[in-house]
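Worksheet for the structure shown next.
The values are calculated or read from the model by the stated rules, or taken from the named source; none is laboratory data. Every value quoted in this text rests on a predicted model; they were computed, and no experiment measured them. Neighbour counts are summed over all protein chains in view; Cβ atoms, including those assigned to glycine, are modelled from backbone coordinates with ideal geometry. Each accessible area value is taken on the protein alone, full model and side chains, heavy atoms only, with ligands, DNA and RNA left out. Shrake-Rupley method; radii C 1.70, N 1.55, O 1.52, S 1.80 Å.
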Amino acid sequence: MRIVGDLRRCLLSIAFLAALMACGATSQAWDGQGAMQTASAESVSQPDFILFLSSTTANIVAGSSQSITFTALPLNGFSGSVALSLSGLPAGLTASPAALTLIAGTPQAISFNAGAGITPETARIAVKGSSGTLVHTVLLTLVLSAGAATSQPDFALGISPATAALAAGGTSQSINLSATGNSQFSGTVHVAIYGLPAGVTASPASLTLASGKPQAIQFAASASAAAGKVTVLFYASQGSLNHAVTAALTISHPPPPATVDVTTYHYDRARDGWNALETTLTPSNVTPSTFGKLRVLVMDGKADAAPLYLSAVTVNGQSHNVVYAASEHDSVYAFDADTGAQLWKVSVLASGETPSDSHSCGTISPEIGITATPVIDRHYGANGAIFLVAMTKDASGNYHQRLHALDVTTGAELSGSPSEIQATYPGTGVFSVNGVQTFAPGQYDERVSLLLMNGIIYLGWASHCDIEPYTGWLMAYSELTLKQISVLNLTPNSGVSGFGGGEGSIWMSGAGFTGDADGNLYFLDANGSFDATLDANGFPIHQDYGNAFLKVSTVKGKLAVSDYFNPSNTVTESNEDKDLGSGGVLMLPAMTDASGKSYKLAVGAGKDANMYIVDTSNMGKFDASGNHIYQQLTGALPTGVYASPAYFNGTIYYGSNGDVMKAFEVVSAKVQVAASSQTAETFAYPGTSPSVSSNGTQNGIVWAVENRVHVGGVLHAYAATDLSEELYDSSQTGGRDNFTDNKFVTPVVANGKVFIGIQNGVVVFGLLQ
């Protein structure tokens, strides 16, 4: 064999490309026939491998064997297999196996067996590794002897453990190396480390071992390290003695945190009020000493609409968690949810316009602008859009209702925005003209939260303090064009006025329509005429559906009542203003009863103190002699409901007017009659619409806002498993966490913070620093 120049030192240690890495020169390896193979530095970036031996020298006594481990260490993404072959075996020396195929990074052993009559000699075995056009050869020196060999200085290289799991960007993991010398061995062993991929570091990068004194090496993977499995080789040498061991490193990237986006009222179309992705707030850290008011996001009017939230939105070239809020002054805001900085603000007032006056009605005052909770489609257009309805008044005294679509990163109006809301519907009722009911923008407010489902935006309309004329309007608009595609009037044909007549509305104390997987809408509408005379299919003959629990089909874009439930005393309830329309609807997850039958159930309640649970496949319709509903909890909510329920892990939470908040368990598809727990606090009008935060089914917290006389707003937090366990009360912090009250508000929990709409903006709660 011929060795060129200064490479002799390197080849003795690490062979072929390792020499290039250590010496920075051209690497030359013997081809077994006295010629040289050359690899230039230019080839380093190409996939390749280094052929390593656990020891390049070994002593074998006749009649015994010695095992040598071979490893093809991959470089630059090499993932092929390497065919290993041996040449130069002397007579009487066999190898088992005689050849093998190496998997990149996986050590494999060959046993060399010396026969009893072997001739003593020093044999040099050429070990060739081939993978396609890549061929590398190293030498193995075997000293063969006939009798007991004279003990020579040597050492064994040990490793523990031989594996390590590294999380990219996480903490380091240690591997221990040790050199154990025999009685003739003295001195220290130098250890070099090969095969570390980009982004993975070893500390120390090399080390010197004294015999019998293990040392630890810390391995760490940066956030940029590629995920996968790699083999790292430790090459230990002292003079002509050398040994190698390997370790398998597994690098993984933790799954990205689930994106917390609150794009609609009560988190989703089921309106369950449950954020199951809250990893920051827990029952142990939501305490008066660790949790409280952080700031107020000041706006130019009341925030009757619930805030919405998007994670990691790029605004002005920077990524922000963003909370979106709308005011009754017809302004829309985007704030940095973590710092409170205002990112943008836009007014949706047209030139010369103002927000609407209150129509001498105190329910929304002193002005009416954006009342309903908007809805966000993060994937709409280039950046995503927030859709909202705004009421305005022009210089001539005309009122307008418009549907807007704004870019979530800038607040700019998108194509087709705004869209003027107008509608007519066939009807002969008390407010009709020539057989047509006409939507008068000034007579209505959009209180019910918007629903976006299957590319369609749904709107519902309420009156100002029951000031006539008004009827029950439901509208559908295309998300893409903002054009109206369908209209349904729920009380079009009543011949009389009043609560039990032509009046009808959808308001639900600000809750949103519920939507199911088949595209159906569910909601409770308010007082108005109901035709107690039914057709052959059980539907009212004049299509008047006042005071109903409704299922509306959206097949082919057309709104149509497909099923309903009205209490047997529905006419009396409407006449006395004891209707269902003050409460929201909750869609329960699929339920199975004791016999194994599956149900899709929805829950609702209004002013009549009863909780109604409907089977959405057969809601019960109307019978004056009695209710035919899946389940009714009579008097369960004795003071009536002006709020929405929430759901968590088999439990429904209701905060009715002037009552304690109660938890009702659902067992075998039935809501239990007796509350499983309740709060000590009573919630004055209008009660409370709770929200729930948890990390999966762990660390459940029920959040509720109280309107307390002479105090203002109060934020409560309770253990979801037992409402009698109060975790936090903002009124018990010595004034630190005070905020102004606002009715029909729902706390929004996202990424460790709680957002609540108040009289002058949004108050933000979170962990105190």
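Given the -39500 (n - 2.57) contribution per DSSP H run of 4+ residues, what per-residue ellipticity at 222 nm results for the chain, rounded to the nearest 500 deg cm²/dmol?
After summing the helix terms and dividing by the residues of the chain, the value is -500 deg cm²/dmol.
Go through ALA517, VAL571, ILE613 and say which Cα lies farthest out towards the positive end of the charge dipole of the chain; charges sit on Cβ, +1 for Lys and Arg, -1 for Asp and Glu.
Checking the options against the dipole of the chain, the answer is ALA517.
List the relative contact order of the chain as a percent without decimals, with contacts defined as Cα pairs under 8 Å and 6+ residues apart.
Relative contact order of the chain: 9 percent.
How charged is the neighbourhood of THR371? Take every other residue with its Cβ under 11 Å from the Cβ of THR371, and add Lys/Arg as +1 and Asp/Glu as -1.
-4
Which entries in LYS607/LYS743; LYS302/LYS662; LYS556/LYS670 show an alpha-carbon gap greater than 22 Å?
Listed pairs above 22 Å: LYS302/LYS662; LYS556/LYS670.
To the nearest 20 Debye, how big is the dipole of the stretch 210-298 about its Cα centre, given +1 on the beta carbon of each Lys and Arg and -1 on that of each Asp and Glu?
Using Cβ point charges on Lys, Arg, Asp and Glu, the stretch 210-298 gives about 180 debye.
Under the Karplus relation 6.51 cos²θ - 1.76 cosθ + 1.60, θ = phi - 60°, what is the ordered set of whole-Hz ³J(HN,Hα) values for the stretch 349-359, x standing for Gly and Pro?
Karplus-based 3J(HN,Hα) across the stretch 349-359 equals 6, 6, 4, x, 9, 10, x, 5, 6, 7, 6 Hz.
Once you list every other residue whose beta carbon is under 13 Å from the beta carbon of ASP608, what net charge do they have if Lys and Arg are +1 and Asp and Glu are -1?
Every neighbour counted, the sum reads -2.
Quick check for me: using +1 on Lys/Arg Cβ and -1 on Asp/Glu Cβ, what's the dipole size of the chain about its Cα centre, in debye to the nearest 20?
About 3460 debye.
Per residue, how large is the accessible surface of the chain? Use a 1.4 angstrom probe and give square angstrom.
38
Using θ = phi - 60° and the Karplus form 6.51 cos²θ - 1.76 cosθ + 1.60, what ³J(HN,Hα) does each residue of the stretch 763-769 get, whole Hz, x for Gly and Pro?
Along the stretch 763-769, the couplings run 8, 10, 10, x, 6, 7, 8 Hz.
Name the residue farthest towards the positive end of the dipole of the stretch 259-382 from the options SER358, ALA325, VAL313, assuming +1 on Cβ of Lys and Arg, -1 on Cβ of Asp and Glu, about the Cα centre.
With unit charges placed on the Cβ atoms, the residue in question is VAL313.
Toward the positive end of the charge dipole of the chain, about the Cα centre and with charges on Cβ (Lys, Arg +1; Asp, Glu -1), which of ILE68, GLY115, ILE506 goes farthest?
GLY115
With all protein chains present, how much of the accessible area of the stretch 612-701 (probe radius 1.4 Å) comes from carbon and sulfur, to the nearest whole percent?
44
Determine the relative contact order of the stretch 385-530: mean sequence separation of Cα pairs under 8 Å and six or more apart, normalised by residue count, in whole percent.
19
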